[in-house]
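The values are calculated or read from the model by the stated rules, or taken from the named source; none is laboratory data. These numbers come from a predicted model, not from an experiment. Cβ placement follows ideal geometry from the backbone for every residue including glycine, while neighbour counts extend to all protein chains displayed.
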Amino acid sequence: MQLGFLVDLHLCMGCKGCEIACKVENEVPLSTWRLRVKYIDVGTFPETKRTFTPLRCNHCANAPCERICPVSALHYLENGIVNIDKERCIGCAGCVMACPYGAIYIDPQTQTADKCTYCAHRIASSMMPSCVVACPVEANIFGDLDNPTSNISKYIQQHQGDVQVRKPEKGTDPHHFYVGGGNVQLNPLASSRDEGHNLFNKLTHLPLGGHH
Amino acid sequence: MAHEMIAATNAIVVLDVALPGIVWGWIITMNMWAKSIGTGIVFLTFFLLKKYPEKTGFIRFPAVAISIVFIHIFLFFTVIDLHQMFRFWHIFFYPHLTSAITIGAWMATGFVGLLLAMAYAIYMQKDEALYDKYLGWTVLLAIPVTLYTAGLMAESTARELWQMPTESAQMILAALLAGSATMILLGGNKFDNAVKKDLGLVLGLSAFAAFILYMSEYIFGAMKAEEVAATLAFIKGGEYTILFWIGQMMAFIIPMVLVCMSITKERYYLLKIAAVSALVGLWISKHVWLVIPQLLNMS
Ligand code: SF4
Ligand code: SF4
């Protein structure tokens, strides 16, 4: 079994339901994100269009984060998920340096690495990842890539020619696909990004006690 | 970069999380810098004891003492950079052998053991032959200890600027530069002119070779990948430009000029200025090269 994700960017409307569901399910601390939806405006006014791209760990089959981790805190599960053992992590941040997708962060509360695990704990109980459940338009398609009759395999077959992964040149073999994406959505260097014009960029870590 | 080319593809991120900050900062710079001195002085001790056994015997103890001090500075900064430093022992009990960090930690541990054996041989036993025997093994182990950081940078798939084999060459050159500079300061006027000249040559040539590598990447790196071009933009008019050139001047250009002047005019006191400049400049150069790829947004 090789679990994978596919996001149909034609369907995504940028509601951020997946982002919030992930935050709640995994208790992701303020200022850090396992999954987020990036908004990019394309074109020049008045001919502009807004695109939405959910970004999460790709659970690469050839994962640089797993390779560089000195203590195997990042490890493969049998279903292909790249999981993290936060008790074993020493917080060296090697994985942060290695992941070409910026999918890993150091959790400010536990001081260990963290990232999307495809909700491995839910999958172990035969539930879907929380972001899949939350998406109102079913833009997130999740399933077994080894099974040709799974929804995700059929979706990939039906959209041959329009299925892409992020940064294929890195040789990471991502288990996360996009349909309907372009360079702008999948290549971070294809859009300009001015600090100071983003929401959330002034957020700092709240004190653990909860008072200011 | 497509967003800058035509109006129709002008693309601007309007809502996203903040750019990530620098994760490996000055503590890792200290780590690399101290390690260069700690292993470099071993290379130079081996060279001098082989070439000038009669004239340089007095360096045995101070050289190993300096190496022990700087390798422990390197280990100290390695450990304090961990977000969970009290779990450092996991590297030895749950080792993952594909990781350069694991290999480096093991090699460095063996290296420290040999350095301590050398110190014991020369300080407690006063046994130069035993010291020299250990030295051969220590030099061998100093090579992977010097190189493992380059392996780590190569494994950092997200940082396109850090290429192999360039980083390996830079690590060895940094060790030779730092080792010769430290030896020049250590030996002072106790070395005769032939030894000083050789140390000056090692310093000057390693500075020259490292400078060529930096300039090659500076000029041609951007032609291979847009990520490298975007990274190099931080030192081509970007916020790290001045610091980059201060580093290049102090680490490589000034030492090269001073070494030439000292050798051609036999003014060997200039070597000490070159050595101090090289050591300070090496820290700055390493720091800039460490930090700039981390300023790039990866998603
Ligand atoms: S996307 Fe990044 S964190 Fe996820 S498996 Fe790949 S390299 Fe690791
Ligand atoms: S930060 Fe933790 S998970 Fe990441 S490489 Fe280091 S030990 Fe492994």
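Residue-by-condition table, conditions (1) in contact with a Lys or Arg (Cβ under 9 Å, 6 or more places away or on another chain); (2) within 27 Å of B:Thr45 (Cβ to Cβ); (3) of a type in the set (Gly, Ala, Ser); (4) at pLDDT 95 or above:
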residue	(1), (2), (3), (4)
B:Leu161	no, no, no, yes
B:Ser168	no, yes, yes, yes
B:Asp198	yes, yes, no, yes
B:Ser206	no, yes, yes, yes
B:Thr231	yes, no, no, yes
B:Phe234	no, no, no, yes
B:Met250	no, yes, no, yes
B:Met256	no, yes, no, yes
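Just wondering, is there one or more residues in region A:77-87 that are within 14 Å of ligand 2 (Cβ to nearest atom) and aliphatic (A, V, I, L, M)?
yes
State which residue pairs qualify: first residue closer than 16 Å to B:Leu270 by Cβ and inside region B:193-217, second residue surrounded by fewer than 17 Cβ atoms within 10 Å (Cβ to Cβ) and among the acidic types (Asp, Glu) in any location, beta carbons under 8 Å apart, and separation of 6 or more residues or different chains.
Sorted first by the residue in region B:193-217, then by its partner, the pairs are B:Asn193/B:Glu266.
Hey, which of the helices (runs of 4 or more DSSP H) in region B:30-148, taking only ones fully inside, have at least 2 residues that are more than 14 Å from every other protein chain (Cβ to nearest Cβ) and over 30 Å from A:Asn62 (Cβ atoms)?
It comes to B:60-81, B:100-119.
Within region B:266-278, identify whether any single residue is within 14 Å of chain A (Cβ to nearest Cβ) and touching a residue at least 40 places away in the same chain (Cβ under 8 Å), and answer yes or no.
Within region B:266-278, none of the residues are within 14 Å of chain A (Cβ to nearest Cβ) and touching a residue at least 40 places away in the same chain (Cβ under 8 Å).
Return the pairs, sorted by first residue and then second, in which the second residue is more than 6 Å from ligand 1 (Cβ to nearest atom) and of a type in the set (Val, Ile, Thr), the first residue lies in region A:48-60 and is closer than 12 Å to A:Gly4 by Cβ, the beta carbons are less than 6 Å apart, and the residues are 6+ apart or on different chains.
As it stands, the answer is A:His59/A:Ile81, since those pairs meet every condition given.
Hey, which of the strands (runs of 3 or more DSSP E) in region A:25-103, taking only ones fully inside, have at least 2 residues that are more than 13 Å from ligand 1 (Cβ to nearest atom)?
Fully inside region A:25-103 and qualifying: A:36-44, A:47-55.
Among the residues of region A:131-185, write down those that are assigned to a helix (DSSP H, G or I), away from ligand 1 (no atom under 16 Å from the Cβ), buried (at least 18 other Cβ atoms within 10 Å of the Cβ) and away from chain B (no Cβ under 14 Å).
Listed by number, the residues that qualify are A:Val132, A:Ala134, A:Ile152, A:Ser153, A:Ile156.
From (1) closer than 25 Å to A:Ala190 by Cβ; (2) among the aliphatic types (A, V, I, L, M); (3) at pLDDT below 95, pick out the condition that doesn't hold for A:Leu30.
Here A:Leu30 clears every test but (1).
When region A:104-125 is examined, which residues are found to be within 14 Å of ligand 2 (Cβ to nearest atom), of a type outside the set (Lys, Arg) and more than 7 Å from chain B (Cβ to nearest Cβ)?
A:Ile104, A:Tyr105, A:Asp107, A:Pro108, A:Thr110, A:Ala113, A:Asp114, A:Cys116, A:Thr117
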